[in-house]
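Report on the following structure.
Bear in mind that the values in this text are calculations on the coordinates, not laboratory data. Source: prediction; values computed, not measured. Quick reminder, even Gly has a Cβ in these numbers, built from the backbone with ideal geometry, and neighbours come from all protein chains shown.
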Amino acid sequence: DARVTQTPRHKVTEMGQEVTMRCQPILGHNTVFWYRQTMMQGLELLAYFRNRAPLDDSGMPKDRFSAEMPDATLATLKIQPSEPRDSAVYFCASGLPPLAWTYNEQFFGPGTRLTVL
Amino acid sequence: DQQVKQNSPSLSVQEGRISILNCDYTNSMFDYFLWYKKYPAEGPTFLISISSIKDKNEDGRFTVFLNKSAKHLSLHIVPSQPGDSAVYFCAASRRGSSGDKLTFGTGTRLAVRP
């Protein structure tokens, strides 16, 4: 059955190291979102893409985070250098654009739990 | 600036009783609201939604109520079941150029006691 996949599921790294998280959206979905879940902020939108083009990355710390879609089946989120405050669960979601008076559901992957020591 | 707020981090309810989860928002431009449910080690899944042109939407045991004047919405689950134990996120959207951008609250952890 169609689902969003994310790798790795868990990542433990040391401060200063580069971290790359990957996401495979559901086939046919042309909108991809990256979220970060923390206790204090809940689910924060970091960036999102439509047809592989970035639409909004205002939620992302620009100096260390970068998000790309090399092709329609792969989205990446990189942190370089990583810091302990980046420790969180990172979710990818995919969906289709909303119609006029409805909202198309976002389908979430299982998340990548990142721990930066 | 938390535009969507869920002021109760947790809620405990007896099986069979009603669960009421609350959500407040500050941005009057929001016109579509959703609830997502999240189990441990899984991503959130869509539960129910409501457009700002309605004040109630029902789907089985789940009902969402919207009070636009108070900028408040609530999710009612009746009767509550142990399988409903999860974290519930309220989310809001503003249609238009950023129509699919969601702003989430911090979540409420619901525990349904057998």
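What to note about this one:
- Dipole of the protein assembly as shown computed with +1 at Lys/Arg Cβ and -1 at Asp/Glu Cβ about the Cα centre; of A:F107, B:F65, B:A92, farthest Cα towards the positive end is B:F65.
- Taking amide H as placed 1.01 Å from N in the peptide plane, the amide H of A:L46 sits under 5 Å from that of A:W34, A:Y35, A:R36, each at least 5 places away or on another chain.
- Relative contact order of chain B, defined on C-alpha pairs under 8 angstrom at six or more residues apart (%): 37 percent
- Evaluated over the Cα positions of the protein assembly as shown, the convex hull gives a direction-averaged projected area, one quarter of its surface, of 12.7 nm².
- Interchain or long-range residues, amide H under 5 Å from B:S85's placed H: B:V112
- Gyration tensor verdict on the stretch B:29-114 (Cα atoms; rounded if a/c is under 1.5, prolate if a/b is larger than b/c, oblate otherwise): oblate
- Whole-Hz couplings from phi, Karplus 6.51/-1.76/1.60, listed for the stretch A:108-117; x for Gly and Pro: 9, x, x, x, 10, 8, 9, 10, 10, 8
- Test item: B:100-109 mean partner chain Cβ contacts at 10 Å: 6
- Beta bridges by DSSP in the protein assembly as shown, antiparallel share as percent, to the nearest 5: 90 percent
- Averaging the sequence gap over all C-alpha pairs within less than 8 Å and six or more residues apart, then dividing by the number of residues, gives chain A a relative contact order of 36 percent.
- Across peptide B:79-91, the mean count of Cβ atoms from other chains lying within 10 Å of each residue's own Cβ comes to 1.
- Distance from the C-alpha centroid of the stretch B:2-38 to that of the stretch A:51-117: 24 Å, rounded to the whole angstrom.
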